[in-house]
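Enquirer: Before I ask anything, here is the structure I am working with.
Nothing in this text is a laboratory measurement; each read-out follows from the coordinates by a stated rule. Source: prediction; values computed, not measured. Here the Cβ is made from the backbone with ideal geometry for all residues, glycine too, and neighbour counts use every protein chain on show.
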Amino acid sequence: MTIIEFPKDMKWGAATASYQIEGAVNEGGRGVSIWDTFSKTPGNVVNGDNGDVACDSYHRYKEDVQIMKELGIKVYRFSVAWPRIFPNGTGEVNKEGLEYYHNLIDELLANDIEPMCTLYHWDLPQILQDKGGWGNRETIDAFVAYAEVMFKEFSGKIKQWITLNEPWCISFLSNYIGVHAPGNKDLQLATQISHHLLVAHGKTVQKFRDLNVDGEIGIAPNTTWLEPYSNRQQDIDACNREIAWYLEWFMDPVFKGSYPQFMLDWFANKGVHLEIEDGDMEVIHQPIDFIGINYYTGHVARYKENESLLDWELVELNYERTDIGWPIFPEGFYKVLCRIKDNYGDVPIYITENGSCYNNEVENGRVKDVGRISYLEQHLTALHRAISSGVNIKGYLTWSLMDNFEWAEGYTMRFGIVHVNYRTLERTKKDSYYWFKQTIANNWFENK
Ligand SMILES: N=NNCCOCCOc1ccc(-c2cn(C[C@@H]3NC[C@@H](O)[C@H]3O)nn2)cc1
């Protein structure tokens, strides 16, 4: 048994996102988002689920904040629905939308919980998608205009801002692999979108600095880890390509001002021509205050020519998996965090998403999600190993505070430490909630 104890200033939190929890899609002046459209297109989401009601947090946020307060978290990461602020993507600001987020943030502050605001967590106004969405460079300035309104409105209340959540998902998962909104399957488009996202990030950071907003700003890439099956260079290189596709493709431009050349070459060989305008890379390379890292899973893999985009294949070993089928791979969490330190030095890091899918239901008023507790123990141990290795970890926010709309999986996959009955909307704290509450209170836990 080992006591895993965290630094005294460790910030503990939980995370959610607007389309996944709010519901009330036709209330408060909200406009249509691409996820409203995508989820209502038959075949895109399991069971035809959508975010119309979700967890109804739009109406139940006060109850949710009380759940957070009892949990003892210091920070709550949420996202703002762009279509609540600009129902038409640009133009007239919707005051009711601003009012909703003032109410949420005021409730958090009144309960001594710091708001960490994600500006973009995938719910693009549909009207902008109709004009090309992130594939249209004009969306960059629309995003900056939206961010400017948010900065001016909430400066002083929100002290931590994230521009984009998981740019790999926004670009490649949603426009090349095609399983998320808007569901394109075009590598050229997806790669150009990844560039437009980075320019939007950089211009937003510039606006944040120009407005002299009190606080910090960062970006939240999702990461993965592929462990080479052998020490053959081709296996090592193949795994490196996949890890870099999520991480360095986005973070090298931010921290180094250039894309990884080996990835540029790889995409060029796939026929991709990236349009980079003069000044783009300088804009992207704006200093930021922290990065949010999202990590869920890793795999063992090896080189296989012409297999997948990056010439690798999974080696199916009998790893324990969560209920969504993702291997439990805490070693990858430790390794990717050490890789980030090796790449980018002592940049402050918040784990802005880490968690697991277990679909345990309520039995006699209790949810015995022992799998999620084990996942947390394993990944918080990996996090502690990274901290012990000098990685500048400032906080850990679990995904998610509550079960919610898990994108293409709909409501079939539960990531919450709080169970949500989607018929009654009743919240039930799971065993993992109480485990996390005790860990936060102690700032340590026993790794048995
Ligand atoms: N690499 N090749 N893939 C080939 C085939 O992929 C098919 C599917 O892929 C993926 C990859 C990643 C994800 C994913 C989901 N979450 C969880 C959310 N994070 C933000 C928050 O909203 C959470 O709900 N994080 N990541 C889903 C699907």
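Enquirer: Evaluate the charge dipole of the range 294-446 about its Cα centre and quote only its size in Debye, nearest 20, assuming +1 on the Cβ of each Lys and Arg and -1 on the Cβ of each Asp and Glu.
Expert: Magnitude of the dipole: close to 560 debye.
Enquirer: Oh, and also: Given the options 50, 306, 7, identify the residue whose Cα lies farthest towards the positive end of the charge dipole of the chain (+1 on Cβ of Lys, Arg; -1 on Cβ of Asp, Glu).
Expert: Positive-most Cα among the choices belongs to 7.
Enquirer: So how far, in whole Å, is the C-alpha centre of the range 149-201 from the one of the range 341-362?
Expert: Computed from Cα coordinates, the inter-centre distance equals 18 Å.
Enquirer: Please give the peptides 8-18, 216-226 ranked by average Cβ packing (other Cβ atoms within 10 Å per residue), highest first, as a rough proxy for protection.
Expert: Peptide ranking by packing, descending: 216-226, 8-18.
Enquirer: Rounded to the nearest 500, what is the chain's calculated 222 nm mean residue ellipticity when only DSSP H runs of at least 4 contribute -39500 (n - 2.57) each, over all residues?
Expert: Value at 222 nm, helices only, nearest 500: -12000 deg cm²/dmol.
Enquirer: Note down the net charge around residue 110, summing +1 for each Lys or Arg and -1 for each Asp or Glu among other residues with Cβ under 15 Å from its Cβ.
Expert: -3
Enquirer: Within the range 378-448, which GluC sites (Glu not before Pro) sit in a loop by DSSP and count at most 11 neighbouring Cβ atoms inside 10 Å?
Expert: 426
Enquirer: If I take the Cα coordinates of the range 293-430 and project them onto the principal axes, what are the three extents in Å, biggest first?
Expert: The Cα atoms of the range 293-430 stretch 47, 38, 24 Å along the principal axes, largest first.
Enquirer: Sticking with this one: Can you pull out the chymotrypsin sites (Phe, Trp or Tyr not before Pro) in the range 270-336 that DSSP calls coil and that have at most 15 other Cβ atoms within 10 Å?
Expert: Sites meeting the loop and neighbour criteria: 319.
Enquirer: Where does the charge balance sit around residue 125 when Lys and Arg score +1, Asp and Glu -1, over other residues with C-beta under 13 Å from its C-beta?
Expert: -2
Enquirer: Expected output is a single nm value to one decimal: the length gained when fully extending between residue 112 and residue 366, i.e. 0.36 nm times separation in residues minus the C-alpha distance. What is it?
Expert: 88.6 nm
Enquirer: Roughly how many debye, to the nearest 20, is the charge dipole of the range 2-447 about its Cα centre, given +1 on each Lys and Arg Cβ, -1 on each Asp and Glu Cβ, and no other charges?
Expert: Magnitude of the dipole: close to 680 debye.
Enquirer: Which translational diffusion coefficient, to the nearest whole µm²/s, is obtained for the range 191-284 from the Stokes-Einstein equation, given a Kirkwood hydrodynamic radius over C-alpha pairs, 10 °C and 1.306 mPa s?
Expert: The Stokes-Einstein estimate is 107 µm²/s.
Enquirer: When the dipole is taken about the Cα centre of the range 362-423, and only Lys, Arg (+1) and Asp, Glu (-1) are charged at their Cβ, what size is it in debye, to the nearest 20?
Expert: Computed charge dipole of the range 362-423: roughly 160 debye.
Enquirer: Rounded to a whole number, what is D in µm²/s for the chain from Stokes-Einstein with the Kirkwood radius over alpha-carbon pairs (10 °C, 1.306 mPa s)?
Expert: Using the Kirkwood radius from Cα pairs, D works out to 72 µm²/s.
Enquirer: As a test, work out the antiparallel percent of DSSP beta bridges whose residues both lie in the chain, rounded to the nearest 5.
Expert: 25 percent
Enquirer: Need one number: nm distance between label points at residue 27 and residue 131, each 7 Å from Cα along Cα→Cβ, rounded to one decimal.
Expert: 3.0 nm
Enquirer: At 0.36 nm per residue, minus the direct Cα-Cα distance, what do residue 346 and residue 270 gain on full extension? Give it in nm, one decimal, please.
Expert: 23.9 nm
Enquirer: Of 11/448; 8/159; 368/429; 69/430; 368/437, which ones are farther than 19 Å apart at the Cα?
Expert: 11/448; 8/159
Enquirer: Given the convex hull of the Cα atoms of the range 168-226, what is a quarter of its surface area in nm²?
Expert: The Cα convex hull of the range 168-226, projected and averaged over all directions, gives 5.1 nm².
Enquirer: What residue among 200, 301, 54 has the largest mean-square fluctuation in a Gaussian network model of the chain, using Cα springs under 10 Å?
Expert: 301
Enquirer: Now for a separate question. Compute the distribution of all C-alpha to C-alpha distances in the range 17-63, in bins of 5 Å from 0, and list the percent of pairs in each, rounded to whole numbers.
Expert: Going out from 0 Å in 5 Å bins, the range 17-63 shows 5, 22, 30, 25, 12, 6, 1 percent.
Enquirer: Over the chain, what is the relative contact order in whole percent, taking alpha-carbon pairs under 8 Å and six or more residues apart?
Expert: Answer for the chain is 19 percent.
Enquirer: I would also like to ask the following. Evaluate the Debye formula for the range 21-150 with equal point scatterers sitting on the alpha carbons, no solvent, and hand back log10 of I(q)/I(0) at q = 0.17 Å⁻¹, in q order, two decimals.
Expert: These q points yield log10 I(q)/I(0) values of -0.93.
Enquirer: Something else about it: Once you list every other residue whose beta carbon is under 14 Å from the beta carbon of residue 230, what net charge do they have if Lys and Arg are +1 and Asp and Glu are -1?
Expert: Here the charged neighbours net out to -1.
Enquirer: Place +1 on the Cβ of every Lys and Arg and -1 on the Cβ of every Asp and Glu in the range 96-250, take the dipole about the Cα centre, and give the residue among 115, 247, 125 whose Cα lies farthest towards its positive end.
Expert: 247
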